[in-house]
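J.: Provided herewith is a single structure, encoded as structure tokens, for subsequent inquiry.
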Amino acid sequence: MKYETVYRFGQSVWPILFNRRNIPKTCPACKGTGKVILADKKKRLCPECYGRQVVTNWINSEWYVGDELTVGQVRIEHTCAFNDGEDSGFSNYGHQEEKYKEGYMCRETGIDSGTVWYIDKLFASHEEARAECDRRNAKDKLGRAV
Ligand SMILES: [Zn+2]
């Protein structure tokens, strides 16, 4: 079996990332006091915010282009399709869809251990990456799935 990958070793690539920001909000469980009163009237540390009075609140903002990366490892995960006939209702047996995943590990984000960047979020130029971000952000604004 021969594989031809989209990118090669040493090539510069640009990832696109979805920027999620954490804007902590007042804990709704304790209304920001950090404590809760139980049935026995004892005050306890709020189990939702652990006394911090605020909780994590992720706000999705938008797609953006990450820093330039250098390809250092290619990971291909190709699962063959098979069908052992009987559809027993247990998905572990009987039927398997063909799956192909092409991922890259880069010098800047770790090779062997670190981030695996998949081809749907990796581009050969900053311009292409920017264009894809614009496309996805425009779709987001229309409230459609990306
Ligand atoms: Zn709380």
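Rundown of residues vs (1) under 19 Å from residue 104 (Cβ atoms); (2) loosely packed, with under 13 Cβ neighbours inside 10 Å; (3) more than 16 Å from the ligand (Cβ to nearest atom); (4) at pLDDT below 95, yes/no style:
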{"residue": "45", "(1), (2), (3), (4)": "no, no, no, no"}
{"residue": "51", "(1), (2), (3), (4)": "no, no, no, no"}
{"residue": "60", "(1), (2), (3), (4)": "no, yes, yes, yes"}
{"residue": "63", "(1), (2), (3), (4)": "yes, no, yes, yes"}
{"residue": "69", "(1), (2), (3), (4)": "yes, no, yes, no"}
{"residue": "85", "(1), (2), (3), (4)": "no, yes, yes, yes"}
{"residue": "88", "(1), (2), (3), (4)": "no, yes, yes, yes"}
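J.: Would you call residue 6 of a type in the set (A, V, I, L, M) and outside any loop (DSSP other than H, G, I, E, B)?
T.: So residue 6 fails the test.
J.: What number of residues within region 90-110 satisfy the criterion of being modelled with pLDDT of 90 or more and open to solvent by 70 Å² or more (accessible area, probe 1.4 Å)?
T.: Kept after step one, since they are modelled with pLDDT of 90 or more, are these residues of region 90-110: 98-110.
If we keep only those that are open to solvent by 70 Å² or more (accessible area, probe 1.4 Å) too, we end up with 98-101, 107-108.
Of the residues in region 90-110, 6 are modelled with pLDDT of 90 or more and open to solvent by 70 Å² or more (accessible area, probe 1.4 Å).
J.: Say we look at region 10-30 and pick out the residues that are assigned to a loop (DSSP other than H, G, I, E, B) and surrounded by 12 or more Cβ atoms within 10 Å (Cβ to Cβ); which of these is farthest from the ligand (Cβ to nearest atom)?
T.: Just the residues of region 10-30 that are assigned to a loop (DSSP other than H, G, I, E, B), to begin with: 10-11, 23-24, 27-30.
Within this subset, residues satisfying the condition of being surrounded by 12 or more Cβ atoms within 10 Å (Cβ to Cβ) are 11, 24, 27, 29-30.
Numbers: 11: 48, 24: 11, 27: 3, 29: 5, 30: 3 Å.
Step by step, filter region 10-30, then rank; the result is 11.
J.: Can you name the condition, by its number, that residue 47 falls short on among (1) outside any strand (DSSP E or B); (2) over 13 Å from residue 29 (Cβ atoms)?
T.: (2)
J.: Which of the numbered conditions does residue 74 fail, given that it passes all the others? Conditions: (1) away from the ligand (no atom under 16 Å from the Cβ); (2) surrounded by 15 or more Cβ atoms within 10 Å (Cβ to Cβ); (3) more than 29 Å from the chain's Cα centre (by Cα).
T.: Of the numbered conditions (1) away from the ligand (no atom under 16 Å from the Cβ); (2) surrounded by 15 or more Cβ atoms within 10 Å (Cβ to Cβ); (3) more than 29 Å from the chain's Cα centre (by Cα), the odd one out for residue 74 is (3).
The values are calculated or read from the model by the stated rules, or taken from the named source; none is laboratory data. Note that the structure is a prediction, hence the values are computed from the model and not measured. Don't worry about glycine lacking a Cβ; one is built from the backbone with ideal geometry, like all the others, and counts go over all protein chains shown. Heads up: the accessible areas ignore ligands, DNA and RNA and are worked out on the full protein's heavy atoms, side chains in. Shrake-Rupley method; radii C 1.70, N 1.55, O 1.52, S 1.80 Å.
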